[in-house]
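First the structure, in the form of structure tokens, and then the observations on it.
The values are calculated or read from the model by the stated rules, or taken from the named source; none is laboratory data. Worth saying up front: this structure is predicted, and the values here are computed from it rather than measured. Counting neighbours? That spans all protein chains shown, and the Cβs are built from the backbone with ideal geometry, glycine included.
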Amino acid sequence: MRTLDGSAILECAGRAKRRRRFRLTECLRERAAFGARRIPAPRVLISCFVFGLAAGLFAQHPALEEGRSRFSAVDIYLDAKGAPLAAYQLEFRATNTAARIVGIEGGEHPAFAGPPFYDPEAMQHERVILAAFSAIPTDKLPAGKTRVATIHLQYIGNQKPALELKLQTAADSAGTKISAAASFEERKTK
Amino acid sequence: MKAASRRCFRLLWAPASTLLALAIALLSGCANKTSTPAGAYYGGGAFGGYSSRTITPLPGTQAGTPPAFAGTPSPGLLPQSPAAAGEELWVIARGSEPVAQRSNESPGSGALLARFEEKEVPMPLKHTSVHASISGYISAVEVTQQFHNPYSSKIEAVYVFPLPHNAAVNEFIMSLGQRRIRGIIRERKEAEAIYQEARRQGYVASLLTEERPNIFTQSVANIEPGNEIEVNIKYFHTLAYVDGWYEFVFPMAVGPRFNPPGMTEGIGAVARGKNGTSGQSTEVQYLKPGESTGHDISLQVDVDAGVPIEEFECKTHEVTHTSSAPERLTVSLSPADGLPNKDFVLRYRVAGDHIKSSLLTHRDERGGFFTLMLNPPSELAALRRQPLEIVFVLDCSGSMDGRPIEQAKAAVHRGLRLLQPGDSFQLITFSMTASRFGRAPLEATPENIHRALQYLNSLRGEGGTMMFEGIKAALDFPHDPHRLRFVCFLTDGYIGNESEILGEIHQRLGDSRIFSFGIGSAVNRYLIDHMAQVGRGAVAYLAPRDEAAQTMEDFFARISHPALTGLKIDWGGLQATEIFPRELPDLFVGRPVILTGRFTGSQQTSVRVSGNAAGQPVQLELPANLTDAAATHKALPSVWARMKIADFADRATYQPDRDLPGQIKSVALDYGLMSAFTAFIAVDSTRRTVGAEARTVPVAVPLPEGVKYETTVDESPDRN
């Protein structure tokens, strides 16, 4: 035989939260059905009220939910070390299951302002192969460190996401491969 | 032991609960203070008796600009729509209602309080622009939807809109000012969960889902007051080629669907502000006659036909045009005709009496893709037809009332007149039930035709659309083996149970052929095209400004010659695989078919097509040059993948298979395409918006031109 103890009260409170309306009578009916010992009604009322209120408040509180999922942006930089950067292809991935890509944004320089293209097959493994090129005149291409893309991510759970960036190729406007350094940085959400 | 522990719990619980209650009460007060947004005053509060006053319009509050509601002292009395300059705005507060209900009318402005002379309703969708580029018979279309927030608190805009049912949607970009975020294709449930979480946490996000192959939902979360967000969608599709004309169609309106009793996965048609009342998983809200939202549409089509364009026409809209070369044409929608309440249809004819069958190929790292437009051989036009058994099936439901049914009747009238001695006919009507003119098909004698015309004149549109009854009545009677049976469905296709209907047609078709006629300004082309496809016939459309008699004459001209049936294709050195449609249709005069597949061949080869026409074997040979490695048509992989998805979806209607959804999902994810099981999601994770949870505002749309509000949109609260 089950008795109306703390967990039963919590259950009642939880249900009350779900229904968005507290039903004390239901709680008492359940208690009667379980054959519990008589508990003074006012005390049940206070207990249920407090737990109901607490459950409702915590459900509204974003911090709890955010423990399960949060959003963040990662900026991708390329430094062409003085050479005009006209095209690139890079691979960015989460090496554990803690991150999902939810958007890809273009960079800061007008040459790469448009959102880069991605390979949909690779995306299924939370691996994004980004590629972009620019047809603007060479003298207007970025030559130093520039943000070429921003990856929008959803982090799942409390596991620390393991991110990896690999530059596959970078080229100038003649299609000649150039040496460039790739790096990334997590942006602080405003 | 148990009793002791319970007692202990009670002892500890009593004081602790009191303290906790006090602490929570304090916290609760703080939480309420911090979380109450500027616009969280739904319900309006108390109103002291009737009052009225004139409000001077705020600067910049004409249609299309957000009214400056925020920060004004008395939100409960604020207007919900901007008033035009000089317009008098009456605001009435009713004192007899102690607590105002939440309204779907305008978030942050309380209950429905404003009543204004001009019925312009503020809506989050401001403008849609469409740009299509046609090359050969493949069109690349870019649709930009411009959302804004004309209210004083954060909103989520939800817009149900149409696209062509064969559109391969492969790109989705959300723009916030100069910033452009490319959406990611994901499994639908996963994308929906990401969107809901982003929405809940206050991030700007957008989600594109497919409800039907031609109906999509665009959701944009957390649009802040006064802000604008653009969503850009790109797709490819093949054009139809009908009787010598290429046809480009851009649908602009979703017609009000009828859902059979008990259905919950349909498309509900509800009045503005009555969301959640249809009992359907997707709902379209319709504006009442005389209401408008300021949402307009601009459209431009650039055609590069490759050969000189002889003529073009657009009967549906007012357009302007320019041409820089004989093979090029640019057509633009006139700004005066920017109300999105009917399909845009552009037709053009290229030089030459008869276009040749053409093969387009594309190769990339995934392999080879092709499309073949297969034209019927010219010999068919010289052969005469067999006697016919024509079954006219008329949709007489409420949505057909008015101009649509008059056109359908005019078309059938002409059809009856075109019957020849030796033919037979039947006339079936359906709305909630079906009825037949004769117990069996009647000989096409002058007396029978005269009686049928009288019966036809008495028909009018009312009631629901139980198309299933019409299908049964049209296909469930013995077939006369001496006559070819053609079933002509004349309908707007405004139903929510398309897959059920297509499954029934597949099951009951037998030797019949279905010719479907879409009647109206914004018909359900997915259903009407697929009825003809499953029914191995052809489709025709009859817009309000088209000549009904001419459309029926064209149909009779087509069936006056035998079709090329029993088609077989020897692909030769093309080495073709995975060709769609899987079942080859019959070839009718004036109606080519488009086949799409994969290939591995690399030589010059030929494709041989064979079949029967009026009992005579007919053969065609088409040269195929696969040696041109540079030949690229980048749209082809997407077009092929879309056809494959459509094939899976069609099979699901008559051959339920648990694996089909997984197969659709797999193709869609590999090719980055929208489907019923995939969706595009884009989140701006750089910034959280402020304020409480965004309120959902469904975008109300006008009814298609010619469709009556009172016979199609149910305003009752508990409609199911």
**OP:** Specify which of the listed residues (B:Glu311, B:Glu283) is without any contact (Cβ under 8 Å) to a residue 60 or more places away in the chain and part of a strand (DSSP E or B).
**Re:** B:Glu311
Subject >> Among the residues listed as A:Ala182, A:Ala111, A:Ala170, the single one being surrounded by 15 or more Cβ atoms within 10 Å (Cβ to Cβ), in contact (Cβ under 8 Å) with a residue 24 or more places away in the chain, part of a helix (DSSP H, G or I) and away from every other protein chain (no Cβ under 11 Å) >> reply: A:Ala111
**OP:** Residues being crowded, with 22+ Cβ neighbours inside 10 Å and closer than 17 Å to B:Leu703 by Cβ: count how many of those fall in segment B:294-314.
**Re:** 1
Original post:
Restricting the search to segment A:81-92, which residues are more than 14 Å from chain B (Cβ to nearest Cβ), within 11 Å of A:Val128 (Cα to Cα) and surrounded by fewer than 19 Cβ atoms within 10 Å (Cβ to Cβ)?
Top reply: A:Glu91
Original post:
Right, B:Arg558: at pLDDT below 85 and in contact with a strand residue (DSSP E or B) (Cβ under 7 Å, 6 or more places away or on another chain) or not?
Top reply: yes
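Can you pull out the residues in segment B:230-256 that are outside any strand (DSSP E or B) and at negative phi?
B:Leu239, B:Pro251, B:Met252, B:Ala253, B:Val254, B:Gly255, B:Pro256
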**OP:** Scan B:Ala473, B:Ala408 and give me the residue that is within 34 Å of the chain's Cα centre (by Cα) and surrounded by fewer than 21 Cβ atoms within 10 Å (Cβ to Cβ).
**Re:** B:Ala473
Subject >> Filtered residues of segment A:66-80 (kept if within 22 Å of B:Arg200 (Cβ to Cβ) and more than 11 Å from chain B (Cβ to nearest Cβ)) >> reply: A:Gly67
**OP:** Give just the number: which of (1) surrounded by 21 or more Cβ atoms within 10 Å (Cβ to Cβ); (2) out of contact with any Gly (no Cβ under 8 Å at 6 or more places or on another chain); (3) of a type in the set (A, V, I, L, M, F, W, C) does B:Leu574 not satisfy?
**Re:** (2)
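Scanning segment B:172-185 for residues that are crowded, with 23+ Cβ neighbours inside 10 Å and not aliphatic (A, V, I, L, M), which turns out farthest from the other protein chains (Cβ to nearest Cβ)?
Going through the qualifying residues, I end up with B:Phe172.
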Original post:
Got a sec? Which of B:Gln201, B:Gln196 is within 14 Å of chain A (Cβ to nearest Cβ), surrounded by fewer than 18 Cβ atoms within 10 Å (Cβ to Cβ) and polar (S, T, N, Q)?
Top reply: B:Gln196
Original post:
Within segment B:635-644, is even one residue polar (S, T, N, Q), assigned to a loop (DSSP other than H, G, I, E, B) and either within 30 Å of B:Tyr151 (Cα to Cα) or in contact with a Phe, Trp or Tyr (Cβ under 9 Å, 6 or more places away or on another chain) (or both)?
Top reply: no
Original post:
Which condition number does B:Val169 fail, the rest of (1) more than 14 Å from chain A (Cβ to nearest Cβ); (2) within 23 Å of the chain's Cα centre (by Cα); (3) within 30 Å of A:Phe112 (Cβ to Cβ) being met?
Top reply: (1)
**OP:** Name the residue, out of B:Thr596, B:Thr632, B:Thr605, that is under 33 Å from the mean Cα position of the chain (by Cα), assigned to a strand (DSSP E or B), in contact (Cβ under 8 Å) with a residue 12 or more places away in the chain and more than 30 Å from B:Leu388 (Cα to Cα).
**Re:** B:Thr596
Original post:
In this structure, is B:Asp364 loosely packed, with under 15 Cβ neighbours inside 10 Å, among the acidic types (Asp, Glu) and not assigned by TED's automatic domain parsing to the domain that holds B:Leu329?
Top reply: yes
Original post:
of a type outside the set (D, E, K, R), buried (at least 24 other Cβ atoms within 10 Å of the Cβ) and touching a Ser or Thr at 6+ places or on another chain (Cβ under 6 Å), is that true of B:Asn222?
Top reply: yes
Subject >> Qualifying positions in segment B:655-679 - closer than 18 Å to B:His165 by Cβ and either part of a loop (DSSP other than H, G, I, E, B) or in contact (Cβ under 8 Å) with a residue 24 or more places away in the chain (or both) >> reply: B:Val667, B:Ala668, B:Tyr671, B:Leu673, B:Met674, B:Ser675, B:Ala676, B:Phe677, B:Thr678, B:Ala679
Original post:
Within segment B:670-705, which residues are more than 10 Å from every other protein chain (Cβ to nearest Cβ) and at positive phi?
Top reply: B:Gly691
**OP:** Name the one entry in B:Val609, B:Val667 that is more than 14 Å from chain A (Cβ to nearest Cβ) and either touching a Ser or Thr at 6+ places or on another chain (Cβ under 9 Å) or not basic (Lys, Arg) (or both).
**Re:** B:Val609
**OP:** Select from segment B:476-508 the residues that are closer than 21 Å to B:Leu388 by Cα and among the charged types (D, E, K, R) and write down the one among them that is modelled with the lowest pLDDT.
**Re:** B:Asp480
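Conditions tested, residue by residue: (1) acidic (Asp, Glu); (2) under 12 Å from the mean Cα position of the chain (by Cα); (3) surrounded by fewer than 17 Cβ atoms within 10 Å (Cβ to Cβ).
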residue	(1), (2), (3)
A:Thr95	no, no, yes
A:Arg100	no, yes, no
A:Gly106	no, no, no
A:Glu121	yes, no, yes
A:Ala132	no, no, no
A:Asp139	yes, no, yes
A:Lys145	no, no, yes
A:His152	no, yes, no
Original post:
Out of (1) more than 29 Å from the chain's Cα centre (by Cα); (2) not in a loop (DSSP other than H, G, I, E, B), the odd one out for B:Arg384 is which?
Top reply: (2)
Original post:
Just one of the numbered conditions (1) more than 24 Å from B:Glu379 (Cβ to Cβ); (2) touching a residue at least 40 places away in the same chain (Cβ under 8 Å); (3) not basic (Lys, Arg) is not true of B:Phe588; which one?
Top reply: (1)
